[in-house]
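A.B. asks: Please find one structure pasted underneath; my questions will follow.
The values are calculated or read from the model by the stated rules, or taken from the named source; none is laboratory data. Keep in mind that this is a model prediction, so the values were computed, not measured. Here the Cβ is made from the backbone with ideal geometry for all residues, glycine too, and neighbour counts use every protein chain on show. Heavy atoms of the whole protein, side chains included, go into the accessibility calculation; ligands, DNA and RNA do not. Shrake-Rupley method; radii C 1.70, N 1.55, O 1.52, S 1.80 Å.
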Amino acid sequence: MKNSKKICLVVVCCVLFFFKNNIQAQQFSEIQINAKIDSVLSLLTLEEKVAMCHAQSKFSTPGVGRLGIPEVWMSDGPHGVRGEINWDDWGYAGWTNDYITAFPALTCLAATFNPSIAKAYGISVGEEAKYREKDVLLGPGVNIYRTPLNGRNFEYMGEDPFLASTMVVPYIKGVQQNGVAACVKHYALNNQELWRDHISVEVSERALYEIYLPAFKAAVQQGHVWSIMGAYNQFRGQHTTHNEMLMNKILKEDWAFDGVVISDWGSTHNTKEAALYGLDMEMGTGTDGLTTSTQNAYDFYYLANPFLKMLKEGTIEEAVVDDKVRRILRLMYRTNMSNNSSFGRINNQEHLDVARKIAGEGIVLLKNKNSFFPINPNKEITIAIIGENATKSLTVGGGSSELKAKNEISPLEGLKNRYKNATIIHAKGYASGPSQYDRVVEPTDDLENLKKEAIEVASKADVVLFFGGLNKNHLQDCEGGDRQSFGLPFGQDELIDEILKVNANTGVILVSGNAVEMPWVDNVSAVMQTWYLGSEAGNAMADVISGDVNPSGKLPFSFPKKLTDNAAHSFGEMSYPGDSITQYYKEGILVGYRWHETKKIKPLFAFGEGLSYTNFEISNIGTAKKTYSKDEEIVVSATVSNTGNFDGLEVVQIYVGKSKSKVERALKELKGFKKIMVKKGESETVEISINVNDLAFYDETISDWNLEKGGYVIYVGNASNNISKEIKISIQ
Ligand code: GLC
């Protein structure tokens, strides 16, 4: 190589080395960020500070043009980046470059019981948000599943605070490593949609701290989430979005949250409370988050002119707005004013692969008589695929989490792709129309004819797959309303009974985000819970139905046999849904399996339950010792043996109960789990550690956690109702 070329090469390497170090130097440390914040704050006028604390459009807040401070742009939602919405109304802007990857709903992610896959989820959805130039992604939602009627359960992570806490942290870290802020929501106690914008929740402090807050606390203290969304409802008569106890004491003081509190869209109701009780960014006032809008009302927002007036009068000190602006600037230095962020990526194969993998690991096999599943993809058989959910798009609808997916493989398409040798015949079977409560059915649908066709098709098939469940219509799995009955809608139960009369070889595949009643469960051969799976739905279902993927999902919430077996529905209307003003969480800490196990009310399917195509045995279960003291780790070890014919993943679950306690306790509570791959014929050992301090209960008499001494029982198994061994230990 000529000397001149060598010199050029050396120069290029030096330049690259300089820039690389320089950019790394730009990765602002928290100390550098705080210094920058203080210097910027000193340059801002009062008007500019106040402007940053409230919306300028549906999904953005203003920056400070003269200082080069950018606007902050936000977008829904937890399952993917929502289509672009108009500046000042809820209409879609109709762009052609906002198609995205639709990832599975968070109930599916929770059902994987796999924290590493939650990280992959967060990274992927964060890359798409970055590419769409969003600074804040308005998700994940972690409200606890208290009633099977809540319209938004599909967006959340189930009934157990430990599962939700464990799964939400890696999702947040994945999103935020892209330089996009996650916004954990809806803080707090937004556990139903009916009367959501005003109902006042009364709940014991013990249940608040043990059940409803842990996932938010984990998001803040372990996930280091950069923003959090206040909820619509009230807590003890004060709106949660500006609630003195939830925001000032618990979130910002006890948990030392250093990020931004963003209101829900229309959840702000009072200037003084918003100013003094923790709200930092007011969004969507004049709307209920789904409809209505007050045109260009931004100067009339509670944290706009009224706030400015109080600051100028001295009714509120300037330090109050300074704290809000510091938090907002900190969010900006972490996102749109950070120099280390990527450009993001969108609609690539990797994201589709991640969506398909999450879906495949989240699908839950609930019943599988005589190995109905898997169905051999090479056999020349006739498969009847019946049900509207085999073809209906389920990435649209459902409220703010709806998506404009570039791809959405339906179950029918997915199965046609995979079963090349089979004859597949399809019948819609039933029609949901806009909503069965509007009694409007799509004009083309003659319900009786649909039913007749479905029975005809079923009678000709070797095997019937019924794709039913719920959908994203209003009053189904949809924001802004709750379901009005526990059973399957649109006449599905009767249709399933009719189909069974002509073909007993029928499996039911439920596409939903909530538990449903199953009067036909003893008569069908198999039941599979497949969630809302997004872009790769049909392919992921075909993966599991064909046996390409061995199902390993576990239920993140209980399926009660009947609605009144559920805790919230056991205490009359003041418990659920309340009297439209107030409701009382009378079940206290006994939510979900905590209720079923403690009250000995057998569920139809239990929390943590899920079958595999293979068989696992859990043995050699033990702990290193029997006596522990505080701060110690209890390490539970076990051997998982795969005695069947498929490689597979199993989830070893550790529950703990207190044998005798001075307070009411749940019989058992999930305190640890681990998902492990075990090849057929092989065994693997797992070790799951639990910190003794996590066995404390929240003691209202001392307003703090209390670790009781004495005996405890450790339950080790693969479902809340399937325990292989109980180990007695004691805490000194
Ligand atoms: C909605 C939802 C919230 C969403 C926001 C913006 O009302 O409650 O989850 O992020 O408004 O669409």
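A.B. asks: For Ser410, are the conditions met, namely being of a type in the set (S, T, N, Q), under 30 Å from Glu84 (Cα atoms) and within 16 Å of the ligand (Cβ to nearest atom)?
C.D. replies: No: the conditions fail for Ser410.
A.B. asks: Still on this model: What number of residues within the stretch 325-361 are of a type in the set (Val, Ile, Thr) and more than 19 Å from the chain's Cα centre (by Cα)?
C.D. replies: 4
A.B. asks: Here are some residues: Asn190, Asn97. Which one is modelled with pLDDT of 95 or more, out of contact with any His (no Cβ under 9 Å at 6 or more places or on another chain), assigned to a loop (DSSP other than H, G, I, E, B) and within 15 Å of the ligand (Cβ to nearest atom)?
C.D. replies: Asn190
A.B. asks: Ala218 passes all but one of (1) more than 15 Å from the ligand (Cβ to nearest atom); (2) open to solvent by 10 Å² or more (accessible area, probe 1.4 Å); (3) among the small types (Gly, Ala, Ser); which number fails?
C.D. replies: (2)
A.B. asks: Got a sec? Which of Ala390, Ala359, Ala384 is closer than 30 Å to Asn722 by Cβ, away from the ligand (no atom under 16 Å from the Cβ) and at pLDDT 95 or above?
C.D. replies: Ala359
A.B. asks: Return the residues of the stretch 112-125 that are more than 16 Å from the ligand (Cβ to nearest atom) and buried (at least 24 other Cβ atoms within 10 Å of the Cβ); say none if nothing qualifies.
C.D. replies: Thr112, Phe113, Asn114, Ala118, Tyr121, Gly122, Ser124
A.B. asks: Identify, please: which residue in the stretch 560-576 is among the charged types (D, E, K, R) and exposed (fewer than 14 other Cβ atoms within 10 Å of the Cβ) and is, among those, farthest from Ser485 (Cα to Cα)?
C.D. replies: For the stretch 560-576, the residue satisfying everything is Glu573.
A.B. asks: Let me ask another. Please go through the stretch 220-246 and give me each residue that is of a type in the set (A, V, I, L, M) and touching a residue at least 40 places away in the same chain (Cβ under 8 Å), ordered by number.
C.D. replies: Listed by number, the residues that qualify are Val225, Ile228, Met229, Ala231, Leu246.
A.B. asks: Within the stretch 299-316, how many residues are away from the ligand (no atom under 16 Å from the Cβ), open to solvent by less than 60 Å² (accessible area, probe 1.4 Å) and under 15 Å from Ala55 (Cα atoms)?
C.D. replies: Number satisfying all stated conditions: 5.
A.B. asks: Spot the failing condition for Met245; the list is (1) in contact with a Phe, Trp or Tyr (Cβ under 8 Å, 6 or more places away or on another chain); (2) within 16 Å of the ligand (Cβ to nearest atom), and only one is missed.
C.D. replies: Condition (2) is where Met245 drops out.
A.B. asks: Shifting gears a bit: Are there any pairs, at least 6 apart or on different chains, whose C-beta atoms fall under 9 Å, with the first in the stretch 288-308 and modelled with pLDDT of 95 or more and the second among the hydrophobic types (A, V, I, L, M, F, W, C) and open to solvent by 50 Å² or more (accessible area, probe 1.4 Å), and if so, which?
C.D. replies: Pro306/Phe300
A.B. asks: Where the second residue is open to solvent by 10 Å² or more (accessible area, probe 1.4 Å) and the first is within 14 Å of the ligand (Cβ to nearest atom) and lies in the stretch 167-185, which pairs have Cβ atoms under 6 Å and are six or more apart or on separate chains?
C.D. replies: Close Cβ pairs satisfying both conditions: Ala181/Trp226; Ala182/Gln176.
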